[in-house]
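The values are calculated or read from the model by the stated rules, or taken from the named source; none is laboratory data. Please read all numbers here as calculations on a predicted model, not as lab measurements. Cβ atoms come from the backbone with ideal geometry, glycine included; neighbour counts cover every protein chain shown.
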Amino acid sequence: MNWRLKHWWHWGLAIVISFLAIKHLLVCLKDVPGDFASFWWAGRFFILGQNIYHNVPGAMPNVYLPLHALLMTPLALLPERIAFCFWQIGQLFTIGVSLRLLELFLNAQDQKSNDRYWLTLLLAFPGLLKNWIYGQYNHILLLGITIMLWLLKHEREIFAGMLLGILLSIKPFQILPLTAWLTIKRSWRAFFGSVVTALCGIFLLPSLVWGVEGMIALLNRWHQQVASHAFCVSWISGSLTSTLYRLLTPSNVANREGEQLFVNLFNLPTWTVTGFLAVLIGVFVSLTIWICLRPIKATPPLALLYEASWVLTVTLTLSPRTEGHHMVLLLPTFFLLAHCLFSFEHVRATLSRKVGLAWFFYTIINSDLIPKTLRIWLRTAYWAHAVALVLLCFSLLPLLGLVRQHR
């Protein structure tokens, strides 16, 4: 891996990343983020023999499956702040390893490696920063996905599926469509490996630890926790699904109970938006099947990375709840875009405009670089993220022919 700072923008990005990472780490050490606090308390409650879904003041509700609490036990043996430090160090490590695996996956070790790394970090930086601030989980999923892709490339499909199954046993929300992708690719060993491992992680292992009745009670409680957080129309969710509901229907988008806030531009009945989304999802599913029809053993690495990136990007675009920190899962997408920008000159001009525009909506338009009064007037917090995701989808589509020709 070549991380040398060759250009002025490398230096600028390195300084900004270092400053913000240290700043937010110091702030979080004084008051551990509620997201990580929920992880730590899940493991702590398991050690104490208490309900792992018990809500703790100052911590977010635990919306993860029971296996998550078992895996958090080692960190829960440490004081909360020390555990958080190890968690953040783990973030840096997993991001670095993921980038290295993506480089090896494409065998992209050339004179452009340095620029490719730094451009990937620039594109992914807002999501990485949010994941860092909240102490979120997405870097673990990212590392698992990149290892899964590496295993698929080397025809170790059963192990790739088992790894995906472990991830599904912890946090299935944004990665479940990858299982459907394996069926489209007719990678049956990977598919059945993921299903069997997920079933063991969700049902068998918890029943061995808590008993069958305890496992059923925990899964019921997990469902109760998730049901109230699965769909979100407030500014927290930047998916196209949430955005269409809050802009086209009279939905209350207030983020606090008892408050009311409406930002809709139209007053359409909810069923019309639901119907439109059903058609849109059908179009994207059909397009995805067409893109990914080639059997996995006949799919070269670049096309395999493209397909996985497409599935992840479409999933976050159409998910009922996509938050800023979930964008960490698009690191493969950003790496692919950076690779194409530096490797294929004939697409550089058009691709850079689309990617740059997506990054502008994702990063700039809703930041402090834009006057607050203008942001409030434009209501950027309620639609900019969705526009960025849609633009990323349109950035990927024209690359399909290119990656299919490349071996």
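For region 172-186, the criterion of being farther than 29 Å from SER309 by Cβ, part of a helix (DSSP H, G or I) and without any contact (Cβ under 8 Å) to a residue 24 or more places away in the chain is met by no residue.
Among the residues of region 195-209, those that are under 26 Å from the mean Cα position of the chain (by Cα) and farther than 10 Å from SER169 by Cβ comprise VAL195, VAL196.
Can you name every residue in region 42-86 that is assigned to a helix (DSSP H, G or I) and closer than 18 Å to GLN224 by Cα? Result: ALA42, PRO66, LEU67, HIS68, ALA69. Among the residues of region 229-253, those that are farther than 17 Å from TRP271 by Cβ and without any contact (Cβ under 8 Å) to a residue 40 or more places away in the chain comprise SER234, ASN252.
So that you can scan it fast, the table gives a plain yes or no per residue for (1) out of contact with any strand residue (DSSP E or B) (no Cβ under 6 Å at 6 or more places or on another chain); (2) crowded, with 20+ Cβ neighbours inside 10 Å; (3) among the charged types (D, E, K, R):
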site: LYS23; (1), (2), (3): yes, no, yes
site: PHE46; (1), (2), (3): yes, yes, no
site: TYR64; (1), (2), (3): yes, yes, no
site: LEU77; (1), (2), (3): yes, no, no
site: PHE84; (1), (2), (3): yes, yes, no
site: ILE89; (1), (2), (3): yes, no, no
site: THR94; (1), (2), (3): yes, no, no
site: LEU104; (1), (2), (3): yes, no, no
site: TRP118; (1), (2), (3): yes, yes, no
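Just one of the numbered conditions (1) modelled with pLDDT of 95 or more; (2) in contact with an Asp or Glu (Cβ under 8 Å, 6 or more places away or on another chain); (3) among the polar types (S, T, N, Q) is not true of THR299: (1).
Among the residues making up region 226-254, those that are crowded, with 18+ Cβ neighbours inside 10 Å and in a helix (DSSP H, G or I) are LEU240, THR241, SER242, THR243, LEU244, TYR245, ARG246, LEU247, LEU248. Of all residues in region 83-99, those being hydrophobic (A, V, I, L, M, F, W, C), within 17 Å of the chain's Cα centre (by Cα) and under 10 Å from GLY135 (Cβ atoms) number 0.
Applying a threshold of 6 Å to beta carbon distances and a minimum spacing of six or more residues, or different chains, the list of pairs starting in region 188-206 at a residue that is basic (Lys, Arg) and ending at one that is at pLDDT 95 or above reads ARG189/GLU157; ARG189/ILE158. Consider region 46-77 and keep the residues that are among the β-branched types (Val, Ile, Thr) and without any contact (Cβ under 8 Å) to a residue 60 or more places away in the chain. The one that is farthest from CYS28 (Cα to Cα) is ILE47. When you check SER207 against the structure, is it farther than 22 Å from PHE284 by Cβ and either touching a His at 6+ places or on another chain (Cβ under 9 Å) or in a helix (DSSP H, G or I) (or both), yes or no? Against the criterion (farther than 22 Å from PHE284 by Cβ and either touching a His at 6+ places or on another chain (Cβ under 9 Å) or in a helix (DSSP H, G or I) (or both)), SER207 qualifies.
Here TYR382 meets the list (1) crowded, with 20+ Cβ neighbours inside 10 Å; (2) under 26 Å from ILE145 (Cα atoms) almost entirely, failing just condition (2). For ALA160, the conditions (1) surrounded by fewer than 21 Cβ atoms within 10 Å (Cβ to Cβ); (2) under 17 Å from GLU307 (Cα atoms); (3) out of contact with any Asp or Glu (no Cβ under 9 Å at 6 or more places or on another chain) all hold with the exception of (1).
Of all residues assigned to region 349-358, none qualifies as being buried (at least 19 other Cβ atoms within 10 Å of the Cβ), farther than 23 Å from GLY238 by Cβ and not aliphatic (A, V, I, L, M). Taking first residues from region 263-276 that are free of Cβ contacts under 8 Å to residues at least 60 places away in the same chain and under 8 Å from PRO250 (Cα atoms) and partners that are surrounded by 11 or more Cβ atoms within 10 Å (Cβ to Cβ) and small (Gly, Ala, Ser), the Cβ contacts under 7 Å between residues at least 6 apart in sequence or on separate chains come to ASN264/SER251.
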